[in-house]
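Student: To start, I am sharing the structure in question, which I have written as structure tokens.
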Amino acid sequence: MNAPSPKGFGRPERSNTIEKVVEYRFLADLTAELLRRDIDFEVLRGDVDAYGYDIVIETRGVPRHIQLKSSYRGSGTRRQTVSLLLTTKQSGCLVWITYDPVTYALEKFRFLGGPLGTSFVIPPDAPVARSTRPDATGARPLRNNHRVIKPNNMQEATTISEVADLLFGPDQQTGQVSRPASAP
């Protein structure tokens, strides 16, 4: 059963606005968690989306290149795609956010990536993605530089503190991980 759609929610012209609202909420919550942990950080954004990441957050001198994906609770989204070029960036990762379709509150997170400072590795069995738009023949061509990622390949987190653990390591003030992250 799909979640209720508020007035105007399904309008395609709002998708960029909703994407930005989710991104801003994520950044506000995550940077507040970094401040709580007394971690200095810098947030960077690219003007051009050429290497598959949306934001870079640098902590302790190490940049984390983050590709953000989102879907609302109850949507039919069962997979995401990721650019192979993200593997060329230091500490590349994918964060898939599930949000409430009425309030836009962030509800659940999925993470694919390694510890801070390591290379991003896409699962070797991840299939090549196809374009969302058909070509002149009606076929959806392959996107050779993109791979399909399914939720079972990702670690789950339910709080921003758990996401911070996955992105930047355990809280140094407590020395503990917020909770053991579920394995893919």
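Student: Ordering Lys69, Lys20 from largest to smallest accessible area (1.4 angstrom probe), what's the sequence? Before the final figure, lay out the partial values.
Tutor: Numbers: Lys69 45, Lys20 80 Å².
Order by accessible area, largest first: Lys20, Lys69.
Student: Along Cα→Cβ, 7 Å out, is where each label goes; now give me the distance between the ones at Thr118 and Leu27 in nm to one decimal.
Tutor: 2.8 nm
Student: Moving on. Where the only charges are on Cβ atoms (+1 Lys, Arg; -1 Asp, Glu), what is the dipole of the chain about its Cα centre, to the nearest 20 debye? Before the final figure, lay out each step's value.
Tutor: Working: 24 positive and 20 negative charges, 166 e Å.
Charge dipole of the chain: 800 debye, to the nearest 20.
Student: While we're looking at this one, here's another question. Counting only helical runs of four or more DSSP H residues, what would the 222 nm mean residue ellipticity of the chain come to if each run contributes -39,500 (n - 2.57) and the total is spread over all its residues?
Tutor: Values: 2 runs with 31 residues, N = 184.
Mean residue ellipticity, 222 nm, calculated: -5500 deg cm²/dmol.
Student: Then there is this: In square angstrom, rounded to the nearest 10, how much accessible surface does His65 have for a 1.4 Å probe?
Tutor: About 20 Å², ignoring ligands and nucleic acids.
Student: Hey, another quick one. Only Lys, Arg, Asp and Glu count, each charged at its Cβ (+1, +1, -1, -1), so figure out the dipole size of region 19-119 about its Cα centre, rounded to 20 debye.
Tutor: Working: 14 positive and 13 negative charges, 90 e Å.
The dipole magnitude comes to about 440 debye.
Student: On to the next question. Let me know the shape class of region 26-82, please: from the alpha-carbon gyration tensor, a ≥ b ≥ c as square roots of the eigenvalues, rounded when a/c is under 1.5, otherwise prolate if a/b is greater than b/c, or oblate.
Tutor: On the way: a/c = 2.91, a/b = 1.46, b/c = 2.00.
Oblate shape, in that a/c is at least 1.5 and b/c is the bigger or equal ratio.
Student: Can you work out the Karplus-derived ³J(HN,Hα) for every residue in region 73-83? Use 6.51 cos²θ - 1.76 cosθ + 1.60 with θ = phi - 60°, whole Hz, and x for glycine or proline.
Tutor: With coefficients 6.51, -1.76 and 1.60, one gets 4, x, 6, x, 5, 10, 7, 9, 10, 9, 7 Hz.
Student: Run the quick spin-label model on Arg73 and Asp47: label points 7 Å from Cα toward the beta carbon, then report their separation in nm to one decimal.
Tutor: Placing both labels 7 Å beyond Cα along the Cβ direction yields 4.0 nm.
Student: For the charge dipole of region 59-184, defined by +1 on Lys and Arg C-beta atoms and -1 on Asp and Glu C-beta atoms about the Cα centroid, which residue among Ser75, Ala136, Val95 has the Cα displaced farthest towards the positive pole?
Tutor: Towards the positive end, the residue furthest out is Ala136.
Student: Also: Starting from the Cα of Lys69, draw a straight line to each of the aspartates and glutamates and keep only those under 15 Å, dropping any in the same chain fewer than 8 residues away.
Tutor: The reachable aspartates and glutamates, counting only those whose Cα sits under 15 Å from Lys69, are Glu19, Glu23, Asp49, Asp54, Asp100, Glu107, Glu156.
Student: Given the protein chains as shown and a 1.4 Å probe, how many square angstrom of Ile18 are accessible, to the nearest 10?
Tutor: 20 Å²
Student: Additional query: Please state the shape class of region 63-184: rounded when a/c is under 1.5, otherwise prolate if a/b exceeds b/c and oblate if not, all from the C-alpha gyration tensor.
Tutor: Numbers: a/c = 2.60, a/b = 1.50, b/c = 1.74.
Oblate.
Student: Also, I was wondering about something else. Net charge within 10 Å of Gln172 by Cβ-Cβ distance, Lys/Arg positive one each and Asp/Glu negative one each, not counting Gln172 itself?
Tutor: On the way: positive: Arg37, Arg60; negative: Asp38, Asp171.
Every neighbour counted, the sum reads 0.
Student: Ignoring ligands, DNA and RNA, what percent of the accessible area of the chain is carbon or sulfur (1.4 Å)?
Tutor: On the way: 5160 of 10220 Å².
Exposed carbon and sulfur together represent 51 percent of the surface.
Student: For Leu166, Leu35, write out the residues from largest to smallest accessible area, computed with a 1.4 angstrom probe and no ligands counted. Walk me through the numbers before you get to the answer.
Tutor: Values: Leu166 25, Leu35 115 Å².
Accessible-area ranking of Leu166, Leu35, largest first: Leu35, Leu166.
The values are calculated or read from the model by the stated rules, or taken from the named source; none is laboratory data. As the structure is a prediction and not an experimental result, all values here were calculated from the model. Because the Cβ atoms are built from the backbone with ideal geometry, glycine has one as well, and the counts that use them run over all protein chains shown. Remember, those area values only see protein heavy atoms, side chains included, never the ligands or the DNA or RNA. Shrake-Rupley method; radii C 1.70, N 1.55, O 1.52, S 1.80 Å.
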